[in-house]
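The values are calculated or read from the model by the stated rules, or taken from the named source; none is laboratory data. Because the structure is a prediction, the values reported are computed rather than measured. Quick reminder, even Gly has a Cβ in these numbers, built from the backbone with ideal geometry, and neighbours come from all protein chains shown.
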Amino acid sequence: MPLRIRPAVSADLPGIVAVYNHWVEHSAASFELVPVPIEDRRDWFRDHSRGGRHRILVAEGEAGGLDGWASTSQFRPRRAYDTTVESSVYVRPGTAGRGIGTALYAELFRAVADEDIARIVAGVSLPNPASIALHRRFGFRHVGTFTSVGRKFGRYWDVAWYERPLRVDGAGPEVGDPATAAVTTSSPRPSP
């Protein structure tokens, strides 16, 4: 059976958590410090299982097991950020380089193509050349790096931030377009 990308169902939650927890325990790809219990991910899963702009897809491998997952999630809780989502992708250890992340992102971005989304953002802890290459392949552009923002495994990690418009076919303003970069206001703006 070839790789199958599909919306996640509740029976996938243990596999999703297992894939995620591997990266929690063995890398800085997640800044969680301890493995996440399945019970702690149930609300997150429910919020991503209703369709709309926040979704989770899984890659079902040849043996029927879970080879990875990808999601779009709320970027920040303030309502003005509603049309921005943060994307994530995690693959099962030992499956890197097989195109699973690419297949997940391709289907995820197709799934949200008609949603009310203006921007997709992604944070990548450094170094992570494979993740950077994946994001660039999907039209993400580097917009900045926060230095030493996460402490894990006894050291500090930098996080590079990437963004792309929902559609990268040339429609809409280009990322970094000075014509859309600032809005002039006469009143002071609170911090975001």
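Suppose we filter segment 23-56 for residues that are aliphatic (A, V, I, L, M) and in a loop (DSSP other than H, G, I, E, B); how many remain?
Initially, segment 23-56 is screened for residues aliphatic (A, V, I, L, M), giving 24, 28-29, 33-34, 36, 38, 56.
With in a loop (DSSP other than H, G, I, E, B) added as a condition, the list becomes 28-29, 33-34, 36.
Number of matching residues: 5.
Could you check Ser27 against (1) in contact with a His (Cβ under 9 Å, 6 or more places away or on another chain); (2) surrounded by fewer than 19 Cβ atoms within 10 Å (Cβ to Cβ) and say which number it fails?
Condition not satisfied by Ser27: (1).
Conditions (1) in contact with a strand residue (DSSP E or B) (Cβ under 8 Å, 6 or more places away or on another chain); (2) at pLDDT 95 or above; (3) more than 24 Å from Arg4 (Cβ to Cβ), marked per residue:
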| residue | (1), (2), (3) |
| --- | --- |
| Glu32 | no, yes, yes |
| Val36 | no, yes, yes |
| His48 | yes, no, no |
| Gly52 | no, no, no |
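Could you go through segment 75-84 and let me know if any residue there is under 25 Å from Glu25 (Cβ atoms) and out of contact with any Pro (no Cβ under 7 Å at 6 or more places or on another chain). Step through it out loud before you land on a result.
Filtering segment 75-84 for residues under 25 Å from Glu25 (Cβ atoms) gives none.
The answer is no, given that none of the residues of segment 75-84 is under 25 Å from Glu25 (Cβ atoms) and out of contact with any Pro (no Cβ under 7 Å at 6 or more places or on another chain).
Can you name every residue in segment 88-114 that is in contact with a His (Cβ under 9 Å, 6 or more places away or on another chain) and more than 19 Å from Phe45 (Cα to Cα)?
Within segment 88-114, Pro93 is the sole residue that qualifies.
Which residues, taken from segment 35-83, are touching a helix residue (DSSP H, G or I) at 6+ places or on another chain (Cβ under 7 Å), more than 18 Å from Ile120 (Cβ to Cβ) and aliphatic (A, V, I, L, M)?
Val36, Ile38, Val58, Ala59, Leu66
Just for segment 128-157: of the residues that are aromatic (Phe, Trp, Tyr) and surrounded by fewer than 16 Cβ atoms within 10 Å (Cβ to Cβ), which one is nearest to the chain's Cα centre (by Cα)? First the steps, then the outcome.
Residues of segment 128-157 that are aromatic (Phe, Trp, Tyr), as a first pass: 138, 140, 146, 153, 156-157.
Subset that is surrounded by fewer than 16 Cβ atoms within 10 Å (Cβ to Cβ): 146, 153, 156.
Working: Phe146: 17, Phe153: 23, Tyr156: 21 Å.
Per the criteria, the residue is Phe146.
For a quick check of your reading: which strands (runs of 3 or more DSSP E) sit entirely within segment 88-192 and have at least 3 residues that are among the aliphatic types (A, V, I, L, M) and modelled with pLDDT of 90 or more?
Working: elements: 119-125, 141-152, 155-165.
Strands (runs of 3 or more DSSP E) meeting the threshold: 119-125.
If I ask for residues that are farther than 21 Å from Phe45 by Cβ, assigned to a loop (DSSP other than H, G, I, E, B) and either free of Cβ contacts under 8 Å to residues at least 40 places away in the same chain or touching a Phe, Trp or Tyr at 6+ places or on another chain (Cβ under 6 Å) (or both), which ones from segment 64-87 would you list?
Answer for segment 64-87, where residues must be farther than 21 Å from Phe45 by Cβ, assigned to a loop (DSSP other than H, G, I, E, B) and either free of Cβ contacts under 8 Å to residues at least 40 places away in the same chain or touching a Phe, Trp or Tyr at 6+ places or on another chain (Cβ under 6 Å) (or both): just Thr83.
Looking only at segment 88-105, count how many residues are buried (at least 16 other Cβ atoms within 10 Å of the Cβ) and either more than 10 Å from the chain's Cα centre (by Cα) or in contact (Cβ under 8 Å) with a residue 60 or more places away in the chain (or both). Talk me through it step by step, then tell me what you get.
The first filter runs over segment 88-105 and keeps only residues buried (at least 16 other Cβ atoms within 10 Å of the Cβ), leaving 88-92, 95, 98, 100-101, 103-105.
Cutting the leftovers down to either more than 10 Å from the chain's Cα centre (by Cα) or in contact (Cβ under 8 Å) with a residue 60 or more places away in the chain (or both) gives us 90-92, 95, 98, 100-101, 103-104.
Total satisfying the criteria: 9.
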